[in-house]
Amino acid sequence: MKKLLQINPVLRISTSTGRIMQEIGELAMRSGWESYIAYSKGRDGFRDCKSHLVPVGDKWDTCWHGLETRLFDRHGLASVSATRRFVRQLEEIRPDVIHIHNIHGYFLNYKILFDYLSGSGIPVIWTVHDCWLYTGHCYYYSYIDCEKWEAGCGGCPQKRKFPASWWLDRSAQNFADKKEAFTSMPHDKLVIVPVSHWIRGEMGRSFLKDYPFQVIHNGIDTDVFDVCDPDEVKDKYGLQNKHVVLGVASIWSEEKGLADFMKLAGLLREDEVIVLVGVTEEQKRSFPQNVVGIRRTENIRQLAALYSAADAFVNPTWQDNYPTVNLEAIACGTPVVTYRTGGSVEAVTPDTGFVIERGDVDGLLEAVRRIEKVGKGGYVGRCREYALKHFRKADRYADYIQLYDRLSSKM
């Protein structure tokens with residue numbers, strides 16, 4: 001039986017990458033593969049999982065890695081002993097395919113890992129969920145329009161952003177270290193899988209541009225995210241007889257467009273209300289009266305009901321790869337209004353919403369009003385049909401299984 005080993009710092013299904021990794025592993029097992037998952041034990045203790053678990057490091061190792069990151073900007077260069085132990089485990093398991101999701105998570109030393117991978121002869125797939133692997137520090141740069149990563153970084157304007165460094169700026173050396181480590185992989189043993197066409201285009205200007213690429217979009221559970229009766233959730237949050245503009249994020253920040261929502265709130269009529277899911281109590285207290293803040297929904301079905309209750313889902317993000325919230329909204333029959341940002345536009349068609357230039361709050365309002373004028377019913381069927389055709393997670397995971405089969409057959 002062929003063996004698949006996936007790598008990601010977090011395993012829990014409450015995180016998008018953890019859920020994706022577990023579900024890919026389950027489909028791989030149904031397709032005749034043996035599935036292993038390597039994760040940071042210090043970040044994510046033992047969890048129920050159908051795949052074989054390969055814990056890496058411990059809490060002490062994670063804390064020390066975090067300290068080296070904060071003081072010396074050496075993210076991905078600590079965890080020496082933990083990574084060496086992990087390499088020995090790889091030699092014992094001898095997987096037929098290794099699938100990396102993220103290695104920036106305070107648990108692996110990428111130099112040691114890629115020194116092994118480059119000489120192992122094992123095919124490697126790397127799913128690109130953000131930009132960290134080809135920059136000298138940051139995991140996104142669109143918000144500040146930085147292009148230093150094309151030439152080699154240095155003088156990082158986001159030194160204090162994740163993975164934050166309080167003291168040194170090592171971004172130029174980090175860039176050189178990553179380039180040396182990651183390009184040590186033979187070109188026939190590494191396939192890079194961006195989750196959006198946008199990041200594929202960006203990487204076409206990076207030091208990894210000569211490697212093979214295959215875009216595979218993320219998928220969602222279209223059985224859970226479906227059109228449903230919104231009356232109960234409307235009653236719960238006082239949304240009856242209101243036009244609802246919805247926003248959802250795991251963390252609301254300026255980069256996610258929180259300030260833009262506050263500007264939009266000042267332009268609404270009395271029969272229009274903004275609902276923001278994922279806010280903190282402090283943020284909630286600062287909201288105007290026509291903004292309803294929800295820390296988190298009680299369950300996924302309630303979130304689907306909120307999507308279904310909205311006239312429009314607005315995503316004024318200033319930097320993003322391929323946000324699943326857009327997919328979830330469309331699957332629930334709700335059109336999306338988003339800024340022309342990264343891969344956020346890739347799920348939006350004339351049937352599923354509108355794309356607005358970044359920072360154009362008046363444009364957001366105009367698009368919302370156009371949806372209100374047509375009526376939500378004019379979008380529900382078209383959105384749902386598009387979601388079933390493009391967003392089903394089983395279809396997207398099957399793309400990975402086909403890639404595993406193709407790469408392992410060449411060994």
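The values are calculated or read from the model by the stated rules, or taken from the named source; none is laboratory data. Computed from a predicted structure; not experimentally measured. When we count neighbours, we look across all protein chains shown, and the Cβ atoms used for this are built from the backbone with ideal geometry, even at glycine.
The single condition among (1) touching a His at 6+ places or on another chain (Cβ under 9 Å); (2) at pLDDT below 95; (3) farther than 24 Å from residue 17 by Cα that residue 171 does not meet is (2). Selection of segment 296-315 for residues being farther than 14 Å from residue 335 by Cα, in contact (Cβ under 8 Å) with a residue 12 or more places away in the chain and polar (S, T, N, Q) yields 297, 302. Candidates are the residues of segment 284-307 that are of a type outside the set (A, V, I, L, M) and more than 20 Å from residue 15 (Cα to Cα); the one that is nearest to the chain's Cα centre (by Cα) is 293. Here is the figure for segment 308-337: residues that are in a loop (DSSP other than H, G, I, E, B) and under 17 Å from the mean Cα position of the chain (by Cα) total 8. Residues of segment 28-38 that are touching a residue at least 60 places away in the same chain (Cβ under 8 Å) and touching a strand residue (DSSP E or B) at 6+ places or on another chain (Cβ under 9 Å): 28, 33.
A quick yes/no check of all residues on (1) in contact with a helix residue (DSSP H, G or I) (Cβ under 9 Å, 6 or more places away or on another chain); (2) closer than 25 Å to residue 22 by Cβ; (3) modelled with pLDDT under 95:
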position: 329; (1), (2), (3): yes, yes, no
position: 332; (1), (2), (3): yes, yes, no
position: 337; (1), (2), (3): yes, no, no
position: 361; (1), (2), (3): yes, no, no
position: 367; (1), (2), (3): no, no, no
position: 379; (1), (2), (3): yes, no, no
position: 388; (1), (2), (3): yes, yes, no
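Let's see how each residue does on (1) outside the structural domain of residue 245 (by TED's automatic domain parsing); (2) over 23 Å from residue 126 (Cβ atoms); (3) buried (at least 17 other Cβ atoms within 10 Å of the Cβ); (4) free of Cβ contacts under 8 Å to residues at least 24 places away in the same chain:
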residue	(1), (2), (3), (4)
373	no, yes, no, yes
376	no, yes, yes, no
380	no, yes, no, no
383	no, yes, yes, no
386	no, yes, yes, no
397	yes, no, yes, no
400	yes, no, yes, no
403	yes, no, yes, no
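Restricting 366, 346 to residues that are surrounded by fewer than 23 Cβ atoms within 10 Å (Cβ to Cβ), assigned to a helix (DSSP H, G or I) and in contact with a strand residue (DSSP E or B) (Cβ under 9 Å, 6 or more places away or on another chain) narrows the list to 366. Criterion applied to 102, 109 was being under 14 Å from residue 43 (Cβ atoms) and polar (S, T, N, Q), and the one residue passing it is 102. Looking across segment 163-192 at every residue that is of a type outside the set (Gly, Ala, Ser) and more than 21 Å from residue 115 (Cα to Cα), the one that is surrounded by the most Cβ atoms within 10 Å (Cβ to Cβ) is identified as 170. For segment 290-341, a tally of residues being surrounded by fewer than 24 Cβ atoms within 10 Å (Cβ to Cβ), under 17 Å from residue 249 (Cβ atoms) and acidic (Asp, Glu) returns 0.
Counted as qualifying within segment 1-115 are the helices (runs of 4 or more DSSP H) with 1 or more residues that are among the aromatic types (Phe, Trp, Tyr) and in the same structural domain as residue 138 (by TED's automatic domain parsing), namely 59-72, 80-93. Applying the criterion of being of a type in the set (A, V, I, L, M, F, W, C) and crowded, with 17+ Cβ neighbours inside 10 Å to the residues of segment 218-234, the residue that is farthest from residue 322 (Cα to Cα) is 233.
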